[in-house]
1. Of the residues Asp36, Asp24, which single one is under 16 Å from Ala118 (Cβ atoms) and of a type outside the set (A, V, I, L, M)?
2. Every residue in region 18-45 that is more than 30 Å from Pro55 (Cβ to Cβ), touching a residue at least 60 places away in the same chain (Cβ under 8 Å) and of a type outside the set (Gly, Ala, Ser), please.
3. Counting just the residues of region 205-229 that are within 18 Å of Asp20 (Cα to Cα) and of a type in the set (Gly, Ala, Ser), which one comes out surrounded by the fewest Cβ atoms within 10 Å (Cβ to Cβ)?
4. Give me the residue from region 185-204 that is in contact (Cβ under 8 Å) with a residue 40 or more places away in the chain and closer than 17 Å to Lys99 by Cβ and, out of that set, surrounded by the fewest Cβ atoms within 10 Å (Cβ to Cβ).
5. Considering only region 156-199, how many residues are outside any strand (DSSP E or B), on the phi < 0 side of the Ramachandran plot and within 12 Å of the ligand (Cβ to nearest atom)?
6. Name the single residue, out of those in region 112-137 being more than 11 Å from the ligand (Cβ to nearest atom) and small (Gly, Ala, Ser), that is surrounded by the most Cβ atoms within 10 Å (Cβ to Cβ).
7. Would you please name the residue that is surrounded by the most Cβ atoms within 10 Å (Cβ to Cβ), looking only at residues in region 6-37 that are assigned to a loop (DSSP other than H, G, I, E, B) and small (Gly, Ala, Ser)?
8. For region 138-152, which positions are surrounded by fewer than 24 Cβ atoms within 10 Å (Cβ to Cβ) and either at positive phi or within 16 Å of the ligand (Cβ to nearest atom) (or both)?
Amino acid sequence: MDQTILIDENGKRTDGRSIDDLRDVKITIGVLKNADGSASIEFGKNKIMVAVYGPREVHPKHMALPDRCVLRCRYHMSPFSTDTRKNPAPSRREVEISKVMREALEPAIMLEDYPRAAIDVFVEVLQADGGSRCAGIAAASVALADAGVNMKDLVAACAAGKVNDKIVLDINDIEDKEGSADMPVAYLPNLEQITLLQLDGILNESQFNECLEKAIHGCKMVYEIQRKALIEKYFGNDLPEGEEKELEENKEN
Ligand code: ADP
């Protein structure tokens, strides 16, 4: 078991949440005028900006594919996103996250609708507090929708993990560093498909299943926030018939 006390005797975590609580999530769409689609997300103390360009012509041209679109993702942490200055050059971690982010988003996009084209997704972390890859994926999927890219589903994302021998939802920075397992998950809520599953730490089989179940539950909560942000941006107060009622029902559950 991890040494640091991260869950107190009342079951409260370092930021006051209980084990099943998601941090406050706020998504704003259309925040960058020069991008084709954009979104910003506050996921607890994470602050992330996403810009989407395309579908557009591919440069360099030899990267173009005859039958589908090329999706390119760049995850980057700004030098002021952490407590000590982060080197602005892309680290191995950022290269890896850019790759898994692309793989998490690709299954949701109708890439075959845009042959010989490219879509570029830039994820810029302004402030990091654990779970930034999940927050980045959630914001990127909304920014893709904002760019008008044809999609089969949104991609929701949330991590769960093990802290002081308990499986908890949505790991923050200290829980990530001092806890014993972190499992980021991305999920297509309508297609019920997992597009990202990573695990840093060790879990036995039952803990693994509990952790995955919890992360998927978190993804479903994030999905409702993504959906609501899109509806608010595109319909304002004139929600399509039935949507308002459905949103209220989802909020209650
Ligand atoms: P995620 O943000 O997806 O949880 P990691 O588990 O790799 O990704 O990182 C956890 C947290 O560690 C980050 O959100 C960030 O707060 C912190 N972190 C990552 N890289 C650095 C760095 N170079 N300097 C300081 N803190 C960092």
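The values are calculated or read from the model by the stated rules, or taken from the named source; none is laboratory data. Quick caveat, the model's predicted, so the values are computed rather than measured. Ideal geometry is used to build each Cβ from the backbone, glycine not excepted, and the neighbour counts take in all protein chains shown.
1. Working: Asp24 fails: under 16 Å from Ala118 (Cβ atoms).
Step by step, each of Asp36, Asp24 is checked, and only Asp36 is under 16 Å from Ala118 (Cβ atoms) and of a type outside the set (A, V, I, L, M).
2. If the condition is that a residue be more than 30 Å from Pro55 (Cβ to Cβ), touching a residue at least 60 places away in the same chain (Cβ under 8 Å) and of a type outside the set (Gly, Ala, Ser), then Ile19, Asp20, Asp21, Leu22, Arg23, Lys45 are the ones that fit.
3. Step one: of region 205-229, the residues within 18 Å of Asp20 (Cα to Cα) are 206-225.
Among the residues that remain, those that are also of a type in the set (Gly, Ala, Ser) are: 206, 215, 218.
Numbers: Ser206: 9, Ala215: 27, Gly218: 26.
My answer is Ser206.
4. Going through the qualifying residues, I end up with Gln198.
5. First, pick out the residues of region 156-199 that are outside any strand (DSSP E or B): 164-165, 170-180, 189-192, 198-199.
Cutting the leftovers down to on the phi < 0 side of the Ramachandran plot gives us 171-180, 189-191, 198-199.
Among the residues that remain, those that are also within 12 Å of the ligand (Cβ to nearest atom) are: 171-179, 198-199.
The number of residues fulfilling the criteria is 11.
6. Across region 112-137, the extreme among qualifying residues is Ala118.
7. So the first thing to find is which residues in region 6-37 are assigned to a loop (DSSP other than H, G, I, E, B), and the list is 6, 8-12, 14-24, 30-36.
Still in the running and small (Gly, Ala, Ser): 11, 16, 18, 30, 35.
Working: Gly11: 11, Gly16: 8, Ser18: 12, Gly30: 15, Ala35: 21.
Looking at the filtered set, the residue picked out is Ala35.
8. Once the filter is applied, which keeps residues that are surrounded by fewer than 24 Cβ atoms within 10 Å (Cβ to Cβ) and either at positive phi or within 16 Å of the ligand (Cβ to nearest atom) (or both), region 138-152 yields only Gly148.
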